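Following: one structure in structure tokens, then a few remarks.
Read the figures in this text as sums done on the coordinates, not as results from a lab. Values in this document were obtained by computation on a predicted structure and should not be read as measured data. All Cβ positions, even for glycine, are placed from backbone atoms using ideal geometry, and neighbour counts span all protein chains on display.
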Amino acid sequence: TGHEGDYESHNFNSERFDANVKGTYNVFEAARMHGVKRVIHTSSLTVVWGYVQPEWVDGDAAARPVGTYALTKFLAEQIAQQFAMQHGIEVLSLRIPKPVDIDDHSTREDPILPQWIAFPDLIQAYIRGLSAEFSGFQLATIVGETSKRRWDLTRAEKLLGYQPTCNLESMGYTLRDEPTGYGGAGVVRGDGRSMLQVSWPPLTTVSRTMAHSRIAESPDSDGSPSRAEALPADGHPRPQIGSAG
């Protein structure tokens, strides 16, 4: 059990810094020491939560983090960029929203925020990131496709060839309006609850691809252990605690 990105607590925020800042540094340092050429770094759309609707958000917009979780993910982006500049590691930092398991029909019971993304589209972005032609530090926003999208995907399209394939509205999901601001507990779920247990589905395709590539993935959630290998040998990601909006 973990917390959404809007949750604030002194003790939990300390864990966030350990995982998202210290953990990111440890992963990149391990990548440098072992000669890893490319790192796919998982950032968060919370880094640009400060752009409130209806403002359009560029795919590499300047950071406007709201909340401690967002701040730690922004600092992780800075670490990623520094390793790219100093050590020549190819780094792709993806700002992602909350993923939706479209195979779980219960996820259609409550309205969702318009930026949330289906797992197949999220997986697509990571796979494309493994073989895309780029150098240095690159930043891109990855969101799902809905009638209320206000996050620019042009950069992801040019850099990765990314195109959303899942329109969540056509799959039976209903959208709720974004909050007027993201600076408060419960804004992610929209009902004042910020506790959530997240069970990530198997990313078998991604794990097999990464297993044959010298790719290191940085910590991607609140409190998840840092790691220098993309996924465990069994091909299934560890359960994650915490999520972003």
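A compact table of results
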quantity: Cα centroid separation - the stretch 13-31 against the stretch 122-154, whole Å; calculated: 23
quantity: Stretch gain in nm, segment Thr165-Glu29, where the contour uses 0.36 nm per residue and the Cα spacing is subtracted; calculated: 45.4 nm
quantity: Anisotropy class of the stretch 1-148 from Cα gyration tensor, a/c 1.5 cut; calculated: prolate
quantity: Sequence-separation-based contact order of the stretch 134-176, relative, with Cα cut under 8 Å and 6+ spacing, percent; calculated: 37
quantity: Net dipole in debye of the stretch 96-155 [+1 Lys, Arg Cβ; -1 Asp, Glu Cβ; about Cα centre; nearest 20]; calculated: 320
quantity: Additional length obtainable on full extension of the chain from Gln78 to Arg176, 0.36 nm per residue less Cα span; calculated: 32.0 nm
quantity: Highest average packing first - 170-177, 156-163, Cβ atoms within 10 Å; calculated: 156-163, 170-177
quantity: Length released on extending from His105 to Gln86, taking residue separation times 0.36 nm less the Cα-Cα span; calculated: 2.2 nm
quantity: In sequence order, calculated HN-Hα J values of the stretch 19-30 (Karplus, 6.51, -1.76, 1.60; Hz; x Gly/Pro); calculated: 6, 8, 9, 4, x, 5, 4, 4, 5, 5, 5, 5
quantity: Dipole of the stretch 40-150 [Lys/Arg +1, Asp/Glu -1 at C-beta], most positive-end residue of Ala80, Trp49, Thr141; calculated: Trp49
quantity: Least to most buried among Val52, Val66, Val21 (fewest other Cβ within 10 Å first); calculated: Val52, Val21, Val66
quantity: Packing rank of 86-92, 133-139, where each peptide gets the mean count of other beta carbons within 10 Å, highest leading; calculated: 86-92, 133-139
quantity: Residues whose placed amide H lies under 5 Å from that of Leu139, excluding near-sequence neighbours; calculated: Ser93
quantity: Taking the stretch 40-97 and dividing mean pair separation by its residue count, relative contact order in percent (alpha carbons under 8 Å, at least six apart); calculated: 52
